[in-house]
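Right, one structure below, let's go through it.
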Amino acid sequence: MSDTRSLADFDLLPILPLRNSVVFPASVVPINVGRSRSVRLVEDLVGHERAVVGIVSQRDAEVDEPGFDDLYPIGTVARVVKVLRLGPSNYSVVLHGMARFEIAQRAALEPYMRARARRIPDDVQRDPELDSLGAALREGTRQVLALTPNLPRETTGILDNVRESGALADLIASNLTSEQASVADKQKILMTFDPKARVKMVLGIIRRQLELLRVKKEVSSMIADEGKAQREHILRQQMRTIKEELGEGSEDDEVEELRERLRNAGLPDEVSKVARKQLGRLSGMQPQSAEYNVTRTYLEWLADVPWKACTPDRLDVEATRRCLDEDHYGLEKIKKRIIEYVAVRKLAGKKKAPILCFVGPPGVGKTSLGRSIARSMGRRYHRIALGGVRDEAEIRGHRRTYVGSMPGRIVQGMKKVGVKNAVMVLDEVDKMGVDLLGDPAAALLEVLDPEQNATFQDHYLEVPYDLSQVTFLCTANNPDTIPPALRDRMEVIECPGYTRAEKLSIAKEFLCPKQLSAHGLTDERLDFESSALQKIIESYTQEAGVRALEREIGAVCRNVVMRIAEGDPNPPKIVDSNAVEQILGPPRHFADVAERTSAPGVATGLAWTPTGGDILFIEATKMPGKGEVQVTGNLKSVMSESAMAAVSFVRSRATQLGLDPEFLKGIDLHLHVPKGGTPKDGPSAGVTMFSAIASLLLRCPVRKDVAMTGEITLRGSMLPVGGIKEKLLAAHRAGIREVLVPARNEPDLDDVPSEILRDLKVHLIKRIDQVLALVLEPPLTVPPVAQADGDGHDATL
């Protein structure tokens, strides 16, 4: 059927995919909506009078988030009659079918499916043959209704109200049950535009159903004529049915039901033997015994856990990349690794799923990335929170000898997703504990080992279970608390904090639209300027991620919503930096480097923490005394030893620095690291402590725009340290302009974003003798530091 109109002339319709049903013109049907895209569509239609939507059936009901290729090309234009909210993200929608349509052009998949549709008009011309077929269809349907019990009397009257034969066929087809006609059969009827052919198809189904009902009636008559014994058998059958309706079904029925469920579960041979043995034991037990319930629950778990069911993977590399980019900004390493896995699956076929561990500060999107990966691969998603878990049985389950025993969280998660190839996120693996009940991290060794998890043994099931097709994604903030054996089984990918430019892009593209939608606002009613977002980032948040940034954006939205609700005639429509300060109050964070380092004896260092990088101030002071050195600030052993090494190095180079070699004889030195409530450790503050002590003794302030990190030795060397990327990000956030890092950390600069390196001047230091000339404020003269040459003489640098 051709149409000479351009695509712009066709209607742009939202598309609502259905799993197991077909909507016909002139039919009124209720449907339940629970999938994310469909929920967004329904919520968008709420409040619109006479809203129209395109209803299209899926080819495969197992697909959770269908694309256009998963839908039939022909559907029904329907008007939304009523929308009822059943719960969070769950609606019941009443639809009235209006006309057939064809998808002429795909428009969009997000936030819900939309397409340009060409309506297909019904052929209402009548001829004797069509009228004859319609009369036969009407009479056949009456006979089927007459043989069907418990139908209202007015049902047959509906047939007389529909005079047009094609519409009659649609009406009857829409009321056929799944036993009478499958979704494919109904879709075939919907796609038949010729009224004669459509009536013939429905008439064939009605005649088959009529023949089946007649046979059933004849069989029932034959049974009624049987002897007394047969009648007693029928009465027993009816009594069993009554008991089942009352919830008092016989134990034999339960055993047979379990046997059928286990037969359909596709158990492996080894598991099937165990199930048959337990079924035999169950048949000989008394239902009142405790062992009966234990065995029945065990068999139900065996039947419910997925042994064969899988969802088809999406192996389109470009589609996967597009899906990941839609949900998250940046995180290129993780996206690249997932795309690599999809590409290998596409070329090499079956392959064991990767086991990845995302390590990074809070709020950078590690956990939500798991859901995005599952969506991009077309897989189901499940998350297991392991923070605070201290019992090994949480992973492996309890043995069935214990009262109330259950499988572990891994097997419970597999039952919930219902497929073998899900994406499972193990959240906060670095926060598991250890006590007398065992070590859950040790139990995870088998789960996360690709060579062992194909035969995972749960203590409750006591049979091998295959986890090799599950994509495990772990998240952690501090990799140091993950046991080495567990860390060795995972591919660790770092998720560093975001730069200011990245946070600004994330706020514009993701956070602002999300918060506006959550508070019932639109771009027309409230718009955030870039200056406002920059003000929030710099003055109201101090984090590596974006959680606090999202909260502050939400606070601004709430303030505007409150003013609108109170009837304010002029609520703000554009938020700038001044509006941010009026709503959120005075700034909470300041770049205090200049004030903190304006006096001699204070130097700025860089530190790595589980929440990202941070700047660290080292303060040194002196007072009359007997040469004692005191170190405070809740420092652990390694950092305290770095302080002593810095003091010893200054004493060994006192002459070269222009100091009295006995300078420590009449004074006491005190080194302090502020924020004493936070434990601190590590050797990377050695160079900062040296600079603070030299600044104090030489009475030369350290430059306020310089920060440093590196481990020092007594020989004057600078050793490499970790966390360079996070430390440079922290320096950039704090307004630092120059950074000193060990020369052997130069390869780590490749991971630092280019915009950070453009704003920072990085000095690569090999020896401590290079430091003072770079960090002490000019025009003070820095005494030359001598270094011993090969002959044992001093060589001035």
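Please compute the alpha carbon radius of gyration of the stretch 72-170, then divide it by the globular-protein estimate 2.2 N^0.38 Å. Two decimals is fine.
Dividing the Cα radius of gyration by 2.2 N^0.38 Å gives 1.47.
Give the angle, between 0 and 90 degrees and rounded to the nearest 10, that separates the Cα long axis of helix 317-327 from the longest principal axis of the Cα atoms of the chain.
70 degrees
Between the helical axis of 332-348 and the dominant principal axis of the chain, each derived from Cα atoms, what acute angle in degrees is found, rounded to the nearest 10?
Taking Cα atoms only, the helix is inclined about 50 degrees.
Would you compute, from DSSP H runs of 4+ residues alone, the mean residue ellipticity of the chain at 222 nm, taking -39500 (n - 2.57) per run and dividing by the full residue count, rounded to the nearest 500?
-12000 deg cm²/dmol
What's the whole-number percent of alpha carbon pairs in the stretch 490-530 lying beyond 14 angstrom?
57 percent
Counting only protein heavy atoms and a 1.4 Å probe, tell me what percentage of the chain's accessible area is made up of carbon and sulfur.
Here carbon and sulfur together make up 50 percent of the probe-accessible area.
Relative to the compact-globule scaling 2.2 N^0.38 Å, provide the ratio for the alpha-carbon radius of gyration of the chain.
1.31
Net charge within 13 Å of residue 505 by Cβ-Cβ distance, Lys/Arg positive one each and Asp/Glu negative one each, not counting residue 505 itself?
Residues near residue 505 contribute -1 overall.
Taking the Cβ of residue 378 as the centre, find all other residues whose Cβ is under 12 Å away and add up their charges (Lys, Arg: +1; Asp, Glu: -1).
Surrounding charge for residue 378 is -3.
Along the charge dipole of the chain, which of 700, 484, 373 sits closest to the positive end, that is, farthest toward it, with unit charges on the beta carbon of Lys, Arg, Asp and Glu (+1, +1, -1, -1)?
Checking the options against the dipole of the chain, the answer is 373.
Of 13, 686, 575, which is farthest towards the positive pole of the chain's charge dipole, taken about the Cα centre with +1 and -1 on the beta-carbons of Lys, Arg and Asp, Glu respectively?
Positive-end residue among those listed: 13.
Specify whether the C-alpha gyration tensor of the stretch 350-463 places it in the rounded, prolate or oblate class, a ≥ b ≥ c being the square roots of the eigenvalues: rounded for a/c under 1.5, otherwise prolate if a/b is larger than b/c and oblate if not.
Oblate is the answer for the stretch 350-463, as a/c is 1.5 or above yet b/c matches or exceeds a/b.
When only C-alpha pairs under 8 Å and at least 6 residues apart count, what is the relative contact order of the chain, in percent?
Worked out over the chain, it gives 7 percent.
Please list 620-630, 326-336, 363-373 highest first by mean number of surrounding beta-carbon atoms within 10 Å per residue.
363-373, 326-336, 620-630
For each cysteine in the chain, check whether another cysteine's C-beta sits under 4.7 Å from its C-beta; list those where none does.
310, 323, 495, 512, 557, 700
In degrees between 0 and 90, to the nearest 10, how far off the longest principal axis of the chain does helix 366-377 point, with axes built from Cα atoms?
Orientation of helix 366-377: about 40 degrees from the principal axis.
The values are calculated or read from the model by the stated rules, or taken from the named source; none is laboratory data. Since we're looking at a predicted model, the values are computed, not measured. In this analysis, Cβ positions are derived from the backbone assuming ideal geometry, glycine residues included, and neighbour counts consider all displayed protein chains. Heads up: the accessible areas ignore ligands, DNA and RNA and are worked out on the full protein's heavy atoms, side chains in. Shrake-Rupley method; radii C 1.70, N 1.55, O 1.52, S 1.80 Å.
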